[in-house]
1. Which value, in Å², gives the accessible area per residue of the chain when a 1.4 Å probe is used on the protein heavy atoms?
2. Please list Ser391, Ser138 in order of solvent-accessible area, largest first, computed with a 1.4 Å probe with all protein chains present.
3. By DSSP, what percent of the beta bridges with both residues in region 4-141 are antiparallel, rounded to the nearest 5?
4. Looking only at region 144-208, where both bridge partners belong to it, what percent of the DSSP beta bridges are antiparallel (to the nearest 5)?
5. Please tell me the relative contact order of the chain in percent, rounded to the nearest whole number, where contacts are Cα pairs under 8 Å and at least six residues apart.
6. Cross-link list Lys263/Lys324; Lys124/Lys372; Lys43/Lys324; Lys69/Lys113: which exceed 27 angstrom alpha carbon to alpha carbon?
7. Treat region 4-141 as a sphere of radius equal to its Kirkwood radius over Cα pairs and apply Stokes-Einstein at 25 °C in a medium of 0.890 mPa s; give the translational diffusion coefficient in µm²/s, rounded to a whole number.
8. Apply the Karplus curve 6.51 cos²θ - 1.76 cosθ + 1.60, θ = phi - 60°, to the phi angles in region 367-373 and return the couplings in whole Hz, x for Gly and Pro.
Amino acid sequence: MVKNFVLDTNVLVHDPDCIEKFEDNILIIPFPVLEEIDKLKSKPGSLGQRAREVNRKLDELRKSGDLTKGVRIDSGGLVKILIFNEFHATLPPFMAESYKDNKILLYSLELKKRDKKHTILVTKDINLRVKADVLGISTQDYLADKVVIDEILSGVKELHDPSLRERFNRIGSVSVRDIGTELYPNTFLDFGEGVYGRVEPDGKSVVRLSVSVETSCWGIFPRNREQLFAFELLLDDRIKFVAMPGIAGTGKTLLSLAAGMRKTVDEKLYERLIVSRPVIPMGQDIGYLPGSQEEKMRPWMQPIYDNLFLLFTNRHVDPDTFLKRSDKLGVEVLSYIRGRSIPNQYMIIDEAQNLTPHEVKTILTRIGEDTKVILIGDPYQIDNIYLDTNSCGLVYAASKFVSHPLAGHITLVKGERSELATAAAELL
């Protein structure tokens with residue numbers, strides 16, 4: 001049955017492509033939402049960029065018909081700009097109609113009163129969903145980019161077959177068909193007793209790892225199973241996209257930097273190592289901070305510098321001196337990467353859990369030839385108010401690439417920073 005879906009502003013700017021993801025239903029954009037989009041379009045960074053993209057999409061639809069009457073889209077649905085000149089529905093007297101969220105609630109109440117079709121308000125604002133429910137308005141979160149985190153995203157499959165383990169140990173490989181379960185490319189297999197393998201990118205066979213616990217990158221050795229698997233992905237040049245979610249202290253940043261320095265500085269397989277992280281919110285300008293661009297960036301990038309200091313200490317090199325004299329390493333705020341073409345780089349994006357799926361798509365679709373991208377972050381520590389563990393760009397991208405031969409992922413689960421940090425992550 002066709003339904004009315006009323007879209008809040010935050011849904012449109014979260015995913016400007018959302019209008020194609022409601023199948024054959026009617027998508028209602030209240031006029032106050034257009035006014036909010038108009039205010040956001042001049043904002044710096046990704047927020048303004050996404051607001052302008054929404055404007056462009058609506059402008060294209062406008063060319064195909066009257067938006068106030070509804071324009072049919074490819075999904076079979078109808079997009080309609082809703083304007084009410086008078087209202088029969090009313091809000092409780094304690095709710096100010098001038099407040100933007102309350103205007104959207106009033107529009108939803110009026111539409112529900114006038115139209116027999118089931119009306120649902122779609123918003124990423126939890127408080128607005130609660131208020132709508134109190135007023136008797138059906139509501140839901142935007143679900144199109146939500147992913148259920150399960151064992152697939154762990155990147156590891158455990159097998160309990162002694163005969164298979166013996167054959168793998170003896171030959172060094174087994175066919176995926178012999179295992180009797182579906183396995184994605186670049187999935188790791190734990191045969192037990194410290195015997196590990198990895199599905200080849202073509203998905204046909206499982207082979208021995210090319211790394212071991214003795215593998216070192218700038219003085220960093222893998223300390224547990226997942227870190228060993230992480231090095232396997234980070235050092236394999238056939239894999240162009242690696243996603244590494246994990247709780248704090250599991251070594252995501254340090255392992256990525258160590259592997260990147262080995263590939264860039266030692267092996268010279270990439271022209272440059274770029275390390276970046278989003279400013280939260282991603283589009284926030286750093287112009288209000290005092291000092292030069294480098295000085296402004298330092299507070300945001302300090303966790304990166306902390307890890308670099310450890311790596312450079314192993315080489316008895318001063319990181320600041322290296323950064324100034326060498327063009328092999330760049331530490332940048334993610335806002336400045338937008339719009340660039342990035343070929344033949346080893347690119348690490350830290351705190352990727354704070355990116356929306358649309359932002360991750362924007363970044364990955366601008367990557368040039370021979371560039372390797374590493375997304376790392378803790379999906380349980382998200383600063384973006386409209387994202388959660390199941391909808392952040394890190395988890396979303398990992399889930400979409402789970403079966404692609406160019407991609408690999410591993411979830412780091414064991415803290416290695418210190419005994420206290422590990423205990424805190426488990427107990428607090």
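The values are calculated or read from the model by the stated rules, or taken from the named source; none is laboratory data. A quick note: this is a predicted structure, and the numbers were derived from the prediction, not measured. Note: ideal-geometry Cβ built from the backbone for every residue, glycine included; neighbour counts use all protein chains shown. SASA here: full protein model, heavy atoms, side chains in, ligands and nucleic acids out. Shrake-Rupley method; radii C 1.70, N 1.55, O 1.52, S 1.80 Å.
1. Working: 20280 Å² over 428 residues.
Heavy-atom accessible area per residue stands at 47 Å².
2. Largest accessible area first, the list is Ser138, Ser391.
3. For region 4-141, the DSSP antiparallel bridge percentage is about 10.
4. 75
5. Worked out over the chain, it gives 17 percent.
6. Numbers: Lys263/Lys324 20 Å; Lys124/Lys372 32 Å; Lys43/Lys324 32 Å; Lys69/Lys113 18 Å.
Over 27 Å Cα-Cα: Lys124/Lys372; Lys43/Lys324.
7. My calculation gives 161 µm²/s for D.
8. Along region 367-373, the couplings run 6, x, 5, 6, 8, 10, 10 Hz.
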